[in-house]
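To start, I am sharing the structure in question, which I have written as structure tokens.
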Ligand code: RB5
């Protein structure tokens, strides 16, 4: 993983997307903002798709924000190779990297305040995957 992350939202996650973009840029990350450019009403699967394609093509982390985080996580997890995790606390953010090798963090702006969200994003990005038995379990996701 590089120091580049990509981010997207819908209208209900727009304000938190802006906060996280600014925060992560301040930490030295290059943040590719895949939209939207304003908080006008839009459809979250469109931005989930943009972020997931970028995550898969560039092997970087993605962050998706909607009102609840649920719609984004549902949409993102339809993409093969995406392991999107809706996180509401630090244990979620750390454990989903260590155990699930999550590559997309989903957050709900109507659920998680900006201070907690910033911390969750930092923990998610900085926590390594533990591999081993966890890799075997992830491999079973796509077992036929
Ligand atoms: C938008 O009103 C809201 O439905 C969306 O942001 C998200 O929470 C859906 O899961």
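I'd like to know if the range 35-54 contains one or more residues that are within 12 Å of residue 106 (Cβ to Cβ) and over 12 Å from the mean Cα position of the chain (by Cα).
yes
Filter the range 23-56 down to the residues that are in contact with a helix residue (DSSP H, G or I) (Cβ under 8 Å, 6 or more places away or on another chain) and either at pLDDT below 95 or assigned to a loop (DSSP other than H, G, I, E, B) (or both) and list them by number.
Result: 27, 29, 34, 35, 36, 38, 39, 40, 41, 42.
When only residues in the range 57-107 that are assigned to a helix (DSSP H, G or I) and within 13 Å of the ligand (Cβ to nearest atom) count, which is farthest from residue 133 (Cα to Cα)?
71
A further question follows. For residue 13, which of the numbered conditions (1) surrounded by fewer than 17 Cβ atoms within 10 Å (Cβ to Cβ); (2) within 12 Å of the ligand (Cβ to nearest atom); (3) closer than 18 Å to residue 117 by Cα fails to hold?
Going through (1) surrounded by fewer than 17 Cβ atoms within 10 Å (Cβ to Cβ); (2) within 12 Å of the ligand (Cβ to nearest atom); (3) closer than 18 Å to residue 117 by Cα one by one, residue 13 breaks only (1).
The values are calculated or read from the model by the stated rules, or taken from the named source; none is laboratory data. None of these values were measured; they are calculated from a predicted model. Cβ atoms come from the backbone with ideal geometry, glycine included; neighbour counts cover every protein chain shown.
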